[in-house]
Amino acid sequence: MLKNTKMNEEKSEIPKDSSSDRPNLKGDWLNFYFLILLYTFQGTTTGLSYAFPIILQNTKFVTYNDQAILSFVLWPFSFKLLWAPVVDALHFQWIGRRKSWYIPIQFLIGILFLFFGNNIDDWLPESGKPNLSMIVCVLFIINFLAATQDIVVDSWALSLLKKNNVSYSSTCNSTGIAFGLYIGSVCPILLSSEYFCNKYLRLTPHEGGILSIKSFLLFWGIVFLFVTFLVIFKKERNKELEEEDADPLKINIIQSYKLLWDIFKIKHMKLLLMAILTSMIGLSTSESVTNLKLIDAGVSKDDIMIITTAMFILKMCLPIFVTKYTTGPKPISLYLQLMPARLLWSIIFALLIYYTPRIIQDDGVVPTFHYLLIGFVFAVNRIMAQIMVTCMVAFFSRISDIRFGGMYMTLLNTVRSIGWVIPNTSFLKMVDMLTFSSCSNGVQNSCSTPYLENICNLNDGHCEAVVDGYYVEVIICLVVGFVWFAVFKKHLKFFESKDRSHWLLDLNRPGNA
């Protein structure tokens, strides 16, 4: 436990709960839009990591195991807790606690975008196997920087907005990240597609897309560098907080890690983290594999991205309309109400995947009614998912201690991220493992290895899936999801009912338990 002076003891007193103050963005609108901008840039970097699985799957030169390797680029978001205390403790006072990190990180991301753009044509050829190693390496570094930036922005949001408006940070997060994900994932795919541009954007057909992936990366590299310069002139703290806390509590790196451990020791914290960590297992297959299975079923990547565009519009607009529910006193209750419906919706996804190859015509044309059906199924799922994410982030913002916002928010968001990426990678790898095939020529051949697949093809046959691993995973996730709901429902409602002071660190209380 920290040894504090009398002055620090006064500062370590638990802040009064201001949850009774009604949210009002008057005088806070500029900060509100500024946070949306910051989260948009975060979403743009992450969006690239969602775009490349679609791009690579369309080339037909990658396996689901390759896709699992590519999914590792998102893992820095799951381990950012390891360096969050360093981000919270080290800074230059004359620059600012948050800008000391945000400015150099944003600059480095811009440089990496330019480097990526200069080499992408060599790493992703029009024909032949892509250079997966280099693509994974660069995306991993970009996401490592973006994860660090995420620590900074999450904690910055707690001090940039007024106390009674802190719950709006979840709206900024959801809207900005969604817009950024759209820019980073959908735009490079659609704008580089000759089919999409000629059908929807051009009056006269031309070869190639309007914008190549290379041009997209170079353009956003320049934008990142330009915005880095503008952030220099932004004030760090809300005037209200500047008056109340002109001299924030100062801690070194060792103390910062000790405080992180003290957060773990808060009563009920371990159980809360366990609930968050396991909350996405039941939803993993429908969220991570469905798009790739639709492409395998015959739907083009361009059509997938058109549908995804509509989903991103929902993601961007929905938080604004549901703010009054997610900023209310019981966001977790709303989260729990939606969980059973979202779990059951995975069955609808499975039926959609099953019937899609049977509906697509022999010439590969997807009927219009089926596009509408796909759009409807995805839209319902996206509405539920976005509301649930916004509810969870709103709860995180409410219980986080503003004095150690970087560590506290990062702890909660990191656990949520781990609960997503590990099942995501695992279930992508398991698709091939749980798929059992046989050769169509009648010869006893399980097609379980590339050699056996080649033997089947040489004998005028082709490998057919007898049991598709995707459907096996849907059943597994459904069972696990409802078990999670039965175990943690009462606990989460209890956590929501606890006063905010329960989750704050009292530096004078031994053990913080």
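Annotations for the structure displayed:
- Cross-chain or 6+ apart pairs with Cβ under 6 Å, region 252-276 first and touching a residue at least 60 places away in the same chain (Cβ under 8 Å) and of a type in the set (Asp, Glu), then exposed (fewer than 12 other Cβ atoms within 10 Å of the Cβ) and in a helix (DSSP H, G or I): none
Conditions (1) at pLDDT 80 or above; (2) assigned to a helix (DSSP H, G or I), marked per residue:
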{"position": "Asn413", "(1), (2)": "yes, yes"}
{"position": "Val421", "(1), (2)": "yes, yes"}
{"position": "Phe427", "(1), (2)": "yes, yes"}
{"position": "Asn445", "(1), (2)": "no, no"}
{"position": "Leu452", "(1), (2)": "no, yes"}
{"position": "Asn457", "(1), (2)": "no, yes"}
{"position": "Phe485", "(1), (2)": "yes, yes"}
{"position": "Glu496", "(1), (2)": "yes, yes"}
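- Reported count of residues in region 263-291, each being open to solvent by 10 Å² or more (accessible area, probe 1.4 Å) and either in contact with a His (Cβ under 8 Å, 6 or more places away or on another chain) or part of a helix (DSSP H, G or I) (or both), is 14.
- Among residues that are within 28 Å of Ile69 (Cα to Cα), touching a helix residue (DSSP H, G or I) at 6+ places or on another chain (Cβ under 8 Å), among the aromatic types (Phe, Trp, Tyr) and open to solvent by 30 Å² or more (accessible area, probe 1.4 Å), Tyr195 is not included.
- Where helices (runs of 4 or more DSSP H) fall wholly inside region 84-175, the ranges with 2 or more residues that are modelled with pLDDT under 85 are 84-89, 132-160.
- Residue list for region 225-254, filter: assigned to a helix (DSSP H, G or I), modelled with pLDDT under 85 and surrounded by 18 or more Cβ atoms within 10 Å (Cβ to Cβ): Leu241
- Matching residues, region 465-509, being of a type in the set (Ser, Thr, Tyr) and open to solvent by less than 70 Å² (accessible area, probe 1.4 Å): Tyr470, Tyr471, Ser501
- Among residues of region 92-126 being closer than 14 Å to Gln149 by Cβ and free of Cβ contacts under 8 Å to residues at least 12 places away in the same chain, the one that is surrounded by the fewest Cβ atoms within 10 Å (Cβ to Cβ) is Pro104.
- If you check Leu30, Leu56, Leu35 for being over 13 Å from the mean Cα position of the chain (by Cα) and free of Cβ contacts under 8 Å to residues at least 12 places away in the same chain, only one passes: Leu30.
- Where a residue in region 193-208 is under 19 Å from Ile306 (Cα atoms) and part of a loop (DSSP other than H, G, I, E, B) and its partner, wherever it lies, is of a type in the set (A, V, I, L, M, F, W, C) and open to solvent by 90 Å² or more (accessible area, probe 1.4 Å), with Cβ under 8 Å and at least six apart: Arg202/Ile210
- Scan of region 81-91 for residues that are surrounded by fewer than 23 Cβ atoms within 10 Å (Cβ to Cβ) and touching a helix residue (DSSP H, G or I) at 6+ places or on another chain (Cβ under 8 Å), ordered by number: Leu81, Trp83, Val86, Ala89, Leu90, His91
- For the criterion of being farther than 17 Å from Ile307 by Cβ and either open to solvent by 20 Å² or more (accessible area, probe 1.4 Å) or over 29 Å from the mean Cα position of the chain (by Cα) (or both), Ile347 passes.
- Ile222 vs. criteria open to solvent by 50 Å² or more (accessible area, probe 1.4 Å), of a type in the set (A, V, I, L, M), at pLDDT below 85 and part of a helix (DSSP H, G or I): no
- Taking each residue of region 336-349 that is closer than 14 Å to Gln386 by Cβ and looking for partners that are among the polar types (S, T, N, Q) and buried (at least 21 other Cβ atoms within 10 Å of the Cβ) with beta-carbon atoms closer than 6 Å, six or more apart or interchain, yields Trp345/Asn381.
The values are calculated or read from the model by the stated rules, or taken from the named source; none is laboratory data. No experiment lies behind these values; they were computed from the predicted model shown. With ideal geometry, Cβ positions are generated from the backbone for all residues, glycine too; neighbour counts draw on all protein chains shown. We work out accessible area using only protein heavy atoms, side chains counted, and drop any ligands, DNA or RNA first. Shrake-Rupley method; radii C 1.70, N 1.55, O 1.52, S 1.80 Å.
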